[in-house]
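The values are calculated or read from the model by the stated rules, or taken from the named source; none is laboratory data. Note that the structure is predicted; figures quoted are calculated from it, not measured. Positions of Cβ are generated from backbone atoms using ideal geometry, with glycine treated the same way; all protein chains shown enter the neighbour counts. For the accessible areas, the whole protein counts, side chains as well, though only heavy atoms, and no ligand, DNA or RNA atoms are used. Shrake-Rupley method; radii C 1.70, N 1.55, O 1.52, S 1.80 Å.
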Amino acid sequence: MKKLLKLLLKTVLVLAVLGVAALVALRIMFPPEKIKAIALDYAKNTLHREITFDGLSFNLIGVTLDNFAMSEADSFQAGTFVKANKLSVKVALMPLLKKRVEIATVIVDGLNVNVVKQKDGSFNFDSLIPASDETAPQESAQDKESSSSAFVLLADKISVTDCNLFYKDLQTGMTAGLEHLNVEINGLDLTEPFDVNISFTTEFQQKNGPAVSVPVRIALRVFLANLDLKNAYVTVNNISANYKTVKFALKGGVKDFTAPTAEFSGTLSGINNQIFADFLPDLPNFALPVINMKVQAAADLDKSSAVIQNIGLSVQDSGLTAKGTVGWGSASPTYNVTANLKADLAQLVQMTDAVDGFNPAGVISGAFKATDKMNGQDVSGTVTLADISALYEPVTLSKTNGTIKITSVNDVSCDNLSGLLNGEKFTTSFSYKNIKDVMNIVFKLNLDKLTLASFPQSAAAEEQPAQTDKQPAETAASSGPETLMNVKADVKVGEIRVPYFRAEGFDLNADLKNVTPSMTKTNGTVAFTLKPGAITDLESFVKENKFVKILLLPITIVRKVAGVLNIDLFPAENSAKKGEIAYTKAEGVYTFKNGVMNLDKTIFESKLTNINAQGTANFGTSALDMKVSATVLTSQTPVVIKIGGTMDNPSGKLDVLNTVGSVVGGILNYKTPGKVAKGTAQTAGAVATGAVKTTGDAVKGTVNAAKDTLKGIGSLFKKKDDSAK
């Protein structure tokens, strides 16, 4: 036995000596200078690139390369693709005899890699990747198993220090990168857990945009289970990242790499408007509390799918949870996900001072389902409002309750939503459907009373369109296609007290199709009734809302034209109410046909004046063609005005033909009793209409009387001279 042991010992010594001798022979046969020449020649002829390095040294088994660099395609004149300060690998000799690879150290220091996406979509490393050989035999599972069990891999230390990966997209101008990458692995062992620590800084910048820099730290515990992936796992002790005041932290792990299951939890804090200042400088001040995150999921790699047991985000008592399935094996991702939402408005509003005085309260909850069907628009669910209240000066909303039903992204409805608006009860229902890019809206509202001290600021600040020489249709065409809407509305409001307007009630019914902001394609009808009230400032009132402007368009134009003609169609009841347009009844029925509004019925009655209007307003060309009959009740004298021009610049003139008959008839019936006068009036009317030839002194005198009467029209309707007071 002793002889046998001595023999074995001598054999090992001989093998060791032979191994050392072989290494010495290798260094003699291939000195560093010769290997460097071979490497330079290989890079030039095979890779079509240049390489340089300062030193190449061999250890017992290992190699160290100093100041290595590889050029872009052809030569360094095109740039540097890769460079490194030091690359070093040392392998232990004796374990190789036992089919074990024990790496003493792997050191990568100062490695820089520049990846560029060219304008044609190719990358600067494409030439380094050989084309795949589809005819090459595939490695069998048995081969893989035998090769993987042929050795055991160990490493005392793997160190990557201060490395950088830069990426530039010449198509978009975007740049990104990982800078100051450091990786440290101690005690790598295929059969035992080992620690991995990674740190780097991400850099990102869109073309002409601000640069974003985010430091990241990762601490892992890895177990490879001797490459038995079913039993392998990674424990994430910590993943952290910082950006300005934002702090992100995550921990958890992944088990079973054949069918991975993952479970993570984390927090996100420090989110406020300042972190977005480089991108959105005008955001209001806000600061979110800590956001808690949870993820539980299991993947099936063979089927390219995953089951999400739970994804959760929560902020105090508000949160969002979701679960479902996702897949990535097809050309586009698939998913079937359900989610639940709860938002406590009173808590959420504390996160910002932009809604100071807004004071929302109540709870919004919802349940949703989303799938990849209908091009990703298959979203359904319900949203429930419970005791919602809010203040949006000068509107106060309170005790609002209801349920909104979501059939799809393009189909949303609410059968009943009720609450208090400025302390007055309201009920409403609505539906929205988008069919072939046409929004179909049905709206119903009942409001007991509407009182506003002022209009909401957004409405009051509505910008007026700039005056141009273009017609409305041309302007609309130049700004691109308009969104089409079909609108059905049924609105009933009790007493109204708002700036520039008051009424004892208001009813509106509308059935319109192809409604656009320019109204150039609109078809349908609108009918409204105003109970007794007054417009205290017509010009200011119509500026507040475009729909109000359309409803009162005939009154607005009539008043403007009458002013040009120096006729006061809306005389004040007394000096205290000067400028006020009081009415006892107002009705309108309008028919729209391809952007032309026809005044089927326009009645505006007051204690002093009655007005009836007919005609058309063309929203495509802005042209007006109207005829207005106005009667001042104190004289019972009707006047007919023909209106033309455009909506922005209307023009008008007295309709002499119709006004003569009405004026003379008025004189007969109310001013000049007697058969002579009556006959004269009738004759004057006939002359004016051309039924009687103007021959003879009697007829001439009648015509003169009619002319004198017409001259009096101005005095009947002429505005009073304020300077005379």
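May I have the convex hull volume per residue, in Å³, for the Cα set of the range 249-391?
So the per-residue Cα hull volume is 149 Å³.
Apply the Kirkwood formula to the range 271-344: the hydrodynamic radius equals the inverse of the mean of 1/r over all pairs of different alpha-carbon atoms; give it in Å with one decimal. Please list the in-between numbers first.
Numbers: mean 1/r = 0.0673 Å⁻¹.
With all distinct Cα pairs of the range 271-344 included, I get 14.9 Å.
Carbon and sulfur: what percent of the range 491-531's accessible surface (1.4 Å probe)?
For the range 491-531, the apolar C and S fraction of the accessible surface comes to 52 percent.
Taking all protein chains as present, what is the carbon and sulfur share of the accessible area of the range 158-242, in % to the nearest whole number, probe 1.4 Å?
C and S atoms contribute 56 percent here.
Around Phe570, under 9 Å between beta carbons, what's the net of Lys plus Arg minus Asp minus Glu among the other residues?
Every neighbour counted, the sum reads -1.
Based on alpha-carbon atoms only, what is the radius of gyration of the range 508-653 relative to the globular estimate 2.2 N^0.38 Å? Kindly include the intermediate steps, with their values, before the conclusion.
On the way: Rg = 14.8 Å, N = 146, 2.2 N^0.38 = 14.6 Å.
For the range 508-653, the normalised Cα radius of gyration is 1.01.
Just in the range 522-626: which trypsin sites (Lys or Arg not before Pro) are loop by DSSP and have at most 14 other Cβ atoms within 10 Å? Intermediate results must be reported in sequence, preceding the final value.
Details: sites: Lys543, Lys546, Lys549, Arg559, Lys560, Lys577, Lys578, Lys585, Lys593, Lys601, Lys607; in loops: Lys578, Lys607.
Answer in residue order: Lys578, Lys607.
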